[in-house]
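Engineer: One structure, pasted below without further comment.
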């Protein structure tokens with residue numbers, strides 16, 4: 001299946017680690033010019049070096065390129081400035097992946113106004129602002145892809161999952177609205193609802209544990225709770241993102257796809 005991204009430029013937030021980095025590597029390896037956004041300069045530099053070291057197959061090598069920009073996506077002015085830098089470097093953005101965010105969950109009465117606002121700024125408003133910037137160019141070229149990374153609680157929230165479940169549910173609604181508005185201009189908008197994936201978030205959970213298990217043992221034990229008896233890998237999520245970004249997904253829009261190994265009871 002040809003998933004070439006030759007001639008396309010993809011901007012990915014939260015791209016220095018985990019899922020974001022895995023998606024950036026997959027896109028680059030299929031010919032895309034990749035713009036990495038994250039807050040940490042050192043991690044971004046490492047990510048860019050890793051990507052440039054990849055072996056790119058013939059046919060994709062001349063098109064693939066990468067640039068990294070430090071950007072706090074909760075800052076509207078920073079988003080606008082970084083978007084302009086990306087355009088100056090590579091031209092228009094064809095593919096936007098809104099991936100920035102981390103789990104924030106606690107009992108409702110323990111969540112402060114500041115925590116609500118911070119979560120919405122990071123997970124919802126960053127996507128709103130970036131999409132608003134790239135949308136006119138996509139419409140003009142009659143081609144665009146927006147992929148929103150959410151989680152399974154967007155469809156089926158549970159007790160103690162706010163504020164993340166609320167902001168992610170809003171992200172799913174945003175996905176549906178944008179898909180309806182973009183369809184006539186061939187701007188396809190979809191969401192990936194992530195379950196338990198081996199990532200830096202899992203490593204942080206391991207670091208906060210009692211240390212009785214190695215990281216691999218911790219991951220294996222956590223995976224036993226899932227229907228497939230294992231956690232997903234970042235490269236498996238990246239393969240889905242690659243498909244959604246490519247021409248192979250040319251009639252797929254407005255979908256919220258569970259990437260969770262059967263965890264969610266919601267279809």
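We did not get these values from a lab; they are worked out from the coordinates using the rules stated. As the structure is a computational prediction, the values presented were derived from the model and not from experiment. Note that each Cβ is placed from the backbone with ideal geometry, even for glycine, and that neighbours are counted across all protein chains shown.
Engineer: Roughly how many nanometres apart are two label points built 7 Å out from the Cα toward the Cβ at residue 76 and residue 239?
Structural biologist: 4.1
Engineer: Which whole-number percentage describes the relative contact order of the chain, with Cα contacts under 8 Å and a sequence gap of 6 or more?
Structural biologist: Details: 515 pairs, mean separation 53.6, N = 267.
It comes to 20 percent, rounded to a whole number.
Engineer: For helix 41-52, what angle does its Cα long axis make with the longest principal axis of the chain, in degrees from 0 to 90 and rounded to 10?
Structural biologist: Once rounded, one gets 60 degrees.
Engineer: Across bins of 5 angstrom width beginning at 0, how are the C-alpha pair distances of the range 1-131 distributed, in whole percent?
Structural biologist: Percent of pairs per bin, in order: 2, 11, 21, 21, 18, 11, 7, 4, 3, 1, 0, 0.
Engineer: Working out 0.36 nm times the residue gap between residue 224 and residue 173, then minus their Cα-Cα distance, what length gain in nm do you get to one decimal?
Structural biologist: Numbers: separation 51, 0.36 × 51 = 18.36 nm, distance 3.15 nm.
Extra length available between residue 224 and residue 173 comes to 15.2 nm.
Engineer: Can you pull the semi-axes for the chain, root of five times each eigenvalue of the Cα gyration tensor, sorted largest first, whole Å?
Structural biologist: Working: eigenvalues 155, 93, 72 Å².
Each semi-axis is the square root of five times an eigenvalue, giving 28, 22, 19 Å.
Engineer: Residue separation times 0.36 nm, minus the C-alpha to C-alpha distance between residue 203 and residue 257: what's the value?
Structural biologist: Details: separation 54, 0.36 × 54 = 19.44 nm, distance 2.47 nm.
Difference between extended and current length: 17.0 nm.
Engineer: Turning to a different aspect of this structure: Nearest 10 degrees, 0 to 90: what angle lies between the long axis of helix 126-141 and the longest principal axis of the chain (Cα atoms)?
Structural biologist: Rounded to the nearest ten degrees, it is 30.
Engineer: Which value results when the Cα radius of gyration for the range 44-93 is divided by 2.2 N^0.38 Å? If you can, show how the numbers build up before the last one.
Structural biologist: Values: Rg = 13.2 Å, N = 50, 2.2 N^0.38 = 9.7 Å.
Expressed relative to 2.2 N^0.38 Å, the Cα Rg reads 1.36.
Engineer: Which order do the peptides 102-109, 39-46, 12-19 come out in when sorted by mean C-beta neighbours inside 10 angstrom, highest first?
Structural biologist: Details: 102-109: 12.6, 39-46: 14.9, 12-19: 25.5.
In decreasing order of mean packing, 102-109, 39-46, 12-19 become 12-19, 39-46, 102-109.
Engineer: While we're on this one: Viscosity 0.692 mPa s, temperature 37 °C: what is the translational diffusion coefficient of the range 153-251 from Stokes-Einstein with a Kirkwood Rh over Cα pairs, rounded to a whole number of µm²/s?
Structural biologist: On the way: Rh = 15.9 Å.
Estimated diffusion coefficient is 207 µm²/s.
Engineer: Using Cα atoms only, what is the angle between the long axis of helix 234-245 and the major principal axis of the chain, expressed in degrees (0 to 90) to the nearest 10?
Structural biologist: That helix lies at roughly 40 degrees to the long axis.
Engineer: Moving to a separate point now. Starting from the Kirkwood Rh over alpha-carbon pairs, what translational D in µm² s⁻¹ does the range 130-201 have by Stokes-Einstein at 37 °C and 0.692 mPa s?
Structural biologist: Numbers: Rh = 13.2 Å.
Calculated translational D: 248 µm²/s.
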